[in-house]
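Remarks on the structure that follows.
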Amino acid sequence: MFSDIENHECVLGMDLGGTKIAVAAVDPKGKILMESDITSPAKDSSMMVEYFIDLARVEFEKYRRKGLEVKAVGVSAAGYILQKEGVLLESPNIAWRNVPLRKIASEVTGLPAFLDNDANCAAAGERFVGATRGVDDFVYLTLGTGVGGGVYVDGRLIRGHRGMAAELGHILIDPDGPMCGCGRRGCLEALASGRALGREASVLAREDRKTVLLEMSKGDPDSITGKMVSRAAEQGDDVALRAFKVWSRYLGMGIVDFIHIFDPDVVVLGGGVSESGDLFINDVREVVSERGIPTLVKDVSIVLSELGNKAGVIGAAAIAWEELGAPTSF
Ligand SMILES: [Zn+2]
């Protein structure tokens, strides 16, 4: 039944998330030939590493037995990563510290392996088969629990000295703003992530209690999440829509800075919150045109991700194809 994929050249993309691990065989054109989603085990560091080794071995064998010609492995993980060494230094959603993931993936499969952070991978995925196919200069932002960034300049992903460049979520927007997950105050992530959207709505819901958000959060404004705000805004809830307005303004101001620095052709917005992109993208575009230097911002398109929740796994594969030197997508 898998005869149509036999002898197909592919790479294995692996996306290590907090709740699941996605694996996919992706061909040079970005087509997923076969895929699996596996639930992540508990956040026990040593257990996770053992688990990953077993998982990589089992999945690789399974894919190879189907006749796929696997060329390399690409791994995507959230966190600070030494890209050349392939070491995950620390991760916000899995309890790993100093894990040589690239070496592990390579030893288990006997193939070249590559590791990069989730936002860089997602940016590579969008360029491979998504919103920025063939675009050499763009900024990608992932708007999830946090805010991550990936930047292409002249057709190359910016990685920096150790591979940790483009932490766009941690530019300073408001020195007196709320605390960020990084331990500092007023980062873009603290003001324009999914979590920040929930917090903004909870402040507004305390003043204006006529909101479905209080029903959704069982009367406790502190438990309002970004997802609830999206759902409420889709129903036309005034508090949720106002929260999105405030949030969009911060996001727009961050994007202005990125445009001034990188001179991109396109800015792509991905991650969980971007699934409600229609609710805020026009506000963001407006803030950018009002706040940016007109000559610099006027021709930049701001668009939504096309890969959705496949960005991680396709992106991990895209990174592997790029590193192998294969022409991707064009
Ligand atoms: Zn921060």
Answer with yes or no whether Glu126 is open to solvent by less than 20 Å² (accessible area, probe 1.4 Å), assigned to a helix (DSSP H, G or I) and not small (Gly, Ala, Ser).
yes
Restricting to the stretch 206-262, give me the number of residues that are closer than 17 Å to Val297 by Cα and touching a Leu at 6+ places or on another chain (Cβ under 7 Å).
5
Matching residues in the stretch 175-187 - criterion: being surrounded by 17 or more Cβ atoms within 10 Å (Cβ to Cβ) and more than 9 Å from the ligand (Cβ to nearest atom):
Gly177
Within the stretch 147-174, tally of residues that are within 12 Å of the ligand (Cβ to nearest atom), open to solvent by 20 Å² or more (accessible area, probe 1.4 Å) and not charged (D, E, K, R)
4
Val212 vs. criteria in contact with a helix residue (DSSP H, G or I) (Cβ under 7 Å, 6 or more places away or on another chain), open to solvent by 10 Å² or more (accessible area, probe 1.4 Å) and more than 16 Å from the ligand (Cβ to nearest atom)
yes
Please specify each residue of the stretch 295-330 satisfying the condition of being acidic (Asp, Glu) and loosely packed, with under 15 Cβ neighbours inside 10 Å.
Asp299
Has the stretch 195-204 got at least one residue that is touching a strand residue (DSSP E or B) at 6+ places or on another chain (Cβ under 9 Å), open to solvent by less than 40 Å² (accessible area, probe 1.4 Å), within 15 Å of the ligand (Cβ to nearest atom) and not in a strand (DSSP E or B)?
yes
Given Arg102, Arg97, which one is modelled with pLDDT of 95 or more and over 30 Å from Val303 (Cβ atoms)?
Arg102
Against the definition (touching a helix residue (DSSP H, G or I) at 6+ places or on another chain (Cβ under 9 Å), more than 10 Å from the ligand (Cβ to nearest atom) and open to solvent by less than 70 Å² (accessible area, probe 1.4 Å)), how does Ala190 come out, yes or no?
no
Residue selected from the stretch 58-76 under the condition closer than 24 Å to Asn117 by Cβ and of a type in the set (D, E, K, R), by the criterion modelled with the lowest pLDDT:
Glu59
Which one of Ser40, Ser76 is over 27 Å from Arg162 (Cα atoms) and among the polar types (S, T, N, Q)?
Ser40
Of the residues in the stretch 94-116, how many are crowded, with 18+ Cβ neighbours inside 10 Å and in a loop (DSSP other than H, G, I, E, B)?
2
List pairs: first in the stretch 177-194 and closer than 18 Å to Gly270 by Cβ, second outside any loop (DSSP other than H, G, I, E, B) and within 8 Å of the ligand (Cβ to nearest atom), Cβ under 6 Å, 6+ apart or cross-chain?
Leu188/Gly169; Glu189/Gly169
Among the residues listed as Val135, Val70, Val49, the single one being of a type in the set (Val, Ile, Thr), at negative phi, open to solvent by 10 Å² or more (accessible area, probe 1.4 Å) and touching a Leu at 6+ places or on another chain (Cβ under 7 Å)
Val70
Quickly run through the stretch 207-218 and pick out the residues that are assigned to a loop (DSSP other than H, G, I, E, B) and either at pLDDT 95 or above or within 31 Å of the chain's Cα centre (by Cα) (or both).
Thr211, Ser217, Lys218
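The values are calculated or read from the model by the stated rules, or taken from the named source; none is laboratory data. What you see is a predicted model, and the numbers here were worked out from it, not measured in a lab. Here the Cβ is made from the backbone with ideal geometry for all residues, glycine too, and neighbour counts use every protein chain on show. Note: accessible area is taken over every heavy atom of the protein model, side chains too, but ligands, DNA and RNA are not part of it. Shrake-Rupley method; radii C 1.70, N 1.55, O 1.52, S 1.80 Å.
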